[in-house]
Amino acid sequence: MRWVFVVLSYCLTFVPAAARDRLEPIQACPLARLSKPVAASRPQCAKSHCVELGQDRSICKCLPDGEEQPSHLVLFHGDKEIQRWRADAYLQQMDDFEVLSGDLRGDGKPLWIVANHELSSQGILVRFWSLHVLDPAEPAKPPISWSVSDYGPGSFALPRSRQKKGCDILVTEWLEGEEAGGKNGLYFRGEWHRLGAKDLTPLPSRQNRIRRYLFSFVRERVTSEDGGIEHLKGRPDFWLRPEKAVPHDPNKVMLRLNTDPSSAQ
């Protein structure tokens, strides 16, 4: 009987550690997508598309007069500009952004999330996005912003623990990597964060994950051309699923920024 308790004690101490080493599926947070961007006339913009937020408020992607003037995202109340911030317009496309609404922090207060497509690379066709979070209760407060590669389902995910509220944020990017054995390759990495008061805060309780860009990954990244913003999105939830991705151990794979993702194979 004593040996039974010894074995049982060993299992109880070992299993939780093993469970922590396993990656869990990424489940997208249930955020509500607001209306699609539609062409709109704004006196401040030579060209613009806008998303209606309700209560006579809207967010517009605005291209000013003059080629030297950068494009912006602008929050309007009626025709009054509340604030604007820099947001690139790839090939002067104005409808390649979306606005979501949801409780990211888990405090019961909905926020606006603006995802703007900024650039598409050559080669393996990486789509670069900027993400911006605004508080409807403080519309003049500057957004919390960050950049990701291949934004899409899973960029905002349910927490690993169902007792935790809000959404975890997966910041994804393409990086060159060198394995401990000397092999070089291209990797897609996802790092977990939470939304803080002023910026993103790393989430050490959830493992970052990577996946090497091999032929099976190449096939998965073939996207349909159905039109609209959906064909511009990546699939972080699927591409970094537990069956294909691994926890990122810097001692096994050293990653560095790849300024030209199309140059690595």
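The values are calculated or read from the model by the stated rules, or taken from the named source; none is laboratory data. Owing to the predicted nature of the structure, the values given are computational and were not obtained by experimental measurement. So basically every Cβ, Gly included, is an ideal-geometry build from the backbone, and we count neighbours across all protein chains shown. Accessible surface is based on the protein model in full, side chains and every heavy atom, while ligands, DNA and RNA are left aside. Shrake-Rupley method; radii C 1.70, N 1.55, O 1.52, S 1.80 Å.
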(message) What's the number of the only condition in (1) surrounded by fewer than 18 Cβ atoms within 10 Å (Cβ to Cβ); (2) under 20 Å from the mean Cα position of the chain (by Cα); (3) among the small types (G, A, S) that A89 fails to meet?
(response) (1)
(request) Tell me which of these E118 doesn't satisfy, since it passes every other one: (1) under 21 Å from P70 (Cα atoms); (2) in contact (Cβ under 8 Å) with a residue 60 or more places away in the chain; (3) part of a strand (DSSP E or B); (4) not aromatic (F, W, Y). (result) (2)
(request) For residues that are among the charged types (D, E, K, R) and more than 13 Å from A157 (Cβ to Cβ), scanning just the stretch 232-258, find the one that is modelled with the lowest pLDDT. (result) R256
(message) For the stretch 103-129, give me the residue count where each residue is touching a Leu at 6+ places or on another chain (Cβ under 9 Å) and open to solvent by 10 Å² or more (accessible area, probe 1.4 Å).
(response) 8
(request) For the stretch 185-227, name all the residues that are polar (S, T, N, Q) and free of Cβ contacts under 8 Å to residues at least 60 places away in the same chain. (result) T201, S205, N208, S216, T223, S224
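The rows are residues; the columns are (1) open to solvent by 50 Å² or more (accessible area, probe 1.4 Å); (2) more than 22 Å from D107 (Cα to Cα); (3) hydroxyl-bearing (S, T, Y); (4) outside any strand (DSSP E or B).
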{"residue": "R160", "(1), (2), (3), (4)": "yes, no, no, yes"}
{"residue": "K164", "(1), (2), (3), (4)": "yes, no, no, yes"}
{"residue": "I169", "(1), (2), (3), (4)": "no, no, no, no"}
{"residue": "W174", "(1), (2), (3), (4)": "no, yes, no, no"}
{"residue": "G177", "(1), (2), (3), (4)": "no, yes, no, no"}
{"residue": "G182", "(1), (2), (3), (4)": "no, yes, no, yes"}
{"residue": "F188", "(1), (2), (3), (4)": "no, yes, no, no"}
{"residue": "W192", "(1), (2), (3), (4)": "no, no, no, no"}
{"residue": "K198", "(1), (2), (3), (4)": "yes, no, no, yes"}
(request) Within the stretch 129-151, count every residue that is in contact (Cβ under 8 Å) with a residue 40 or more places away in the chain and under 12 Å from L100 (Cβ atoms). (result) 4
(request) For the stretch 20-40, enumerate the residues that are over 18 Å from the mean Cα position of the chain (by Cα) and open to solvent by 90 Å² or more (accessible area, probe 1.4 Å). (result) R20, D21, R22, K36
(request) Report yes if some residue within the stretch 142-154 is at pLDDT 95 or above, of a type in the set (F, W, Y), under 24 Å from A40 (Cα atoms) and surrounded by fewer than 22 Cβ atoms within 10 Å (Cβ to Cβ); otherwise report no. (result) no
(message) For a quick check of your reading of the model, give me the residue pairs whose first member lies in the stretch 72-86 and is at positive phi, whose second is surrounded by 15 or more Cβ atoms within 10 Å (Cβ to Cβ) and of a type in the set (S, T, N, Q), with beta-carbon atoms closer than 9 Å and at least 6 apart or on different chains.
(response) G78/S58
